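First the structure, in the form of structure tokens, and then the observations on it.
The values are calculated or read from the model by the stated rules, or taken from the named source; none is laboratory data. If you're wondering where the values come from, they're calculated on a predicted model, not measured in any experiment. Cβ atoms come from the backbone with ideal geometry, glycine included; neighbour counts cover every protein chain shown.
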Amino acid sequence: MGLVEGMGFDWVKSFVSWASTEPSKGSYHWDDCDNVVNAAEQYGLKVLFRVDHPPAWANGTGRTDPPTDPADFGDFMYALADRYKGRVAAYEIWNEPNLDYEWGNRPPDPAGYVALLKAVYPRVKEADPHALVVTAGLSTAGEGSEGAMGDLIYLRRMYDAGAKDYFDVLGSHPYGGPYDPDRTTGAKGGMCFYRAKQQHDVMVEYGDDDKKVWATEFGWVLKTGCDLGYHNWMKVSEEEQATYLVQAYQKAHFEWPWMEVMFLFNLDFATVPWYGRCRTERWYSIVYRDDPSKGGPIKYRQAYYALKAMPKPPLPLTPRAYLPAVFKNHLSP
């Protein structure tokens, strides 16, 4: 939390496991959530909670399958929003449900996901009218592939299933692939930062352009000798990661008035021992430890220094042409 505040950012995203927090119906373990909220408040940070990982009692499997009865999820979200009323600003409902492995290893089901939103939205508002309900960020799957439904297709089907009145903010996961943020088309099926604009275009199609979009995950993965599987083709240098992250924040500020909040993925996954050295998440991190299993000091990548030095809103809406000169002076520690 101190690193986030020290960089000049004022939001933090954390994760809520429904399974861990409500291991049996109506029995709650709040310690993990309390720790996050209390720490964020110490540093004056607003909190977005992503909520997923249902318990076995709710879906029969304990995997990522949606609950058998969406009302069970609504009950949990009521309890969560009631406990943190006025303290947690927003809730992201599920994660990348257009991927089969985020939907119980079954075909993605936009109407099924909308059923969750319909169960959750009124219960959150009942508990905390000011809390925002954010849709799950969709994986930028392009036109789709085996195990993935294309994000624009999925979003249109969400609207067709009646999603419009059951969320406040559209979540987006516009990972950049290996490309700079100005790239308007991505290989591998839509993987580029510009995908957020194309998702917003769908909102406009459905007359929902008064809502904002939040990038609830986005980032660039670093070059490494590790085999990162699907992510190998996306690897960039430390300098490119730093440059692209700053450019993405400033592009959104200057060109996309509908983009409101952006959550970098990720700050510090490379500092903790439960992710092995070649876990992909570690190579998105902007701070790290040489050997997390042994502890030791936190070290900082170029992106950390660049984002810390990046001018923060409120900013004048001046032409973005000044960005490279601003960035050049801030690249190194």
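Kindly establish whether Arg63 is in a strand (DSSP E or B) and either over 27 Å from Ile298 (Cβ atoms) or in contact with a strand residue (DSSP E or B) (Cβ under 6 Å, 6 or more places away or on another chain) (or both).
So Arg63 does not fit the description; no.
Can you find even one residue in region 172-182 that is under 18 Å from the mean Cα position of the chain (by Cα), under 16 Å from Trp256 (Cβ atoms) and part of a strand (DSSP E or B)?
Within region 172-182, one or more residues are under 18 Å from the mean Cα position of the chain (by Cα), under 16 Å from Trp256 (Cβ atoms) and part of a strand (DSSP E or B).
Which members of region 23-59 meet the condition of being within 23 Å of the chain's Cα centre (by Cα) and assigned to a loop (DSSP other than H, G, I, E, B)?
Those that are within 23 Å of the chain's Cα centre (by Cα) and assigned to a loop (DSSP other than H, G, I, E, B): Trp30, Tyr43, Gly44, Leu45, His53, Pro54, Pro55.
Which residues, taken from region 124-163, are of a type in the set (Val, Ile, Thr) and closer than 19 Å to Leu99 by Cα?
Val134, Thr135, Thr140, Ile153
With respect to Leu138, is the statement that it is at pLDDT 95 or above and within 29 Å of Val236 (Cα to Cα) true?
Here the answer is yes, as Leu138 does meet what is asked.
Answer with yes or no whether Gly142 is part of a loop (DSSP other than H, G, I, E, B) and surrounded by fewer than 22 Cβ atoms within 10 Å (Cβ to Cβ).
yes
Considering only residues that are β-branched (Val, Ile, Thr) and surrounded by 15 or more Cβ atoms within 10 Å (Cβ to Cβ), look in region 196-223 and name the one that is nearest to Leu264 (Cα to Cα).
Among those residues, the one meeting the criterion is Thr216.
Between residues in region 227-239 that are of a type in the set (Gly, Ala, Ser) and residues that are surrounded by 18 or more Cβ atoms within 10 Å (Cβ to Cβ), which pairs lie under 8 Å by C-beta distance while being six or more apart or on different chains?
Gly229/Thr280; Ser237/Leu222
So for region 51-58 (the condition being touching a Ser or Thr at 6+ places or on another chain (Cβ under 8 Å), modelled with pLDDT of 95 or more and small (Gly, Ala, Ser)), does at least one residue qualify?
Looking through region 51-58, at least one residue is touching a Ser or Thr at 6+ places or on another chain (Cβ under 8 Å), modelled with pLDDT of 95 or more and small (Gly, Ala, Ser).
Considering only region 283-291, I want to know if a residue exists there that is modelled with pLDDT under 95 and among the acidic types (Asp, Glu).
yes
Pairs only if they're at least six apart or on different chains, beta carbon under 9 angstrom, first in region 74-85 and within 15 Å of His29 (Cβ to Cβ), second of a type in the set (S, T, N, Q) and surrounded by 18 or more Cβ atoms within 10 Å (Cβ to Cβ); list them, first residue then second.
Phe76/Thr21; Ala79/Thr21; Leu80/Thr21
Do you know which residues across region 222-265 are assigned to a strand (DSSP E or B) and either at positive phi or not β-branched (Val, Ile, Thr) (or both)?
Leu222, Met259, Glu260, Met262, Phe263, Leu264, listed by residue number.
Report yes if Ala215 is among the small types (Gly, Ala, Ser), part of a helix (DSSP H, G or I) and closer than 23 Å to Lys164 by Cβ, otherwise no.
no
Confirm whether Val261 is touching a residue at least 24 places away in the same chain (Cβ under 8 Å), touching a strand residue (DSSP E or B) at 6+ places or on another chain (Cβ under 8 Å), surrounded by 18 or more Cβ atoms within 10 Å (Cβ to Cβ) and of a type in the set (A, V, I, L, M, F, W, C).
Against the criterion (touching a residue at least 24 places away in the same chain (Cβ under 8 Å), touching a strand residue (DSSP E or B) at 6+ places or on another chain (Cβ under 8 Å), surrounded by 18 or more Cβ atoms within 10 Å (Cβ to Cβ) and of a type in the set (A, V, I, L, M, F, W, C)), Val261 qualifies.
Taking region 304-324 on its own, how many of its residues are outside any helix (DSSP H, G or I), of a type in the set (A, V, I, L, M) and at pLDDT below 55?
The total comes to 0.
Quick check: anything in region 158-170 under 16 Å from Glu255 (Cα atoms), of a type outside the set (A, V, I, L, M) and within 17 Å of the chain's Cα centre (by Cα)?
Checked against the condition, which is being under 16 Å from Glu255 (Cα atoms), of a type outside the set (A, V, I, L, M) and within 17 Å of the chain's Cα centre (by Cα), region 158-170 yields no hits at all.
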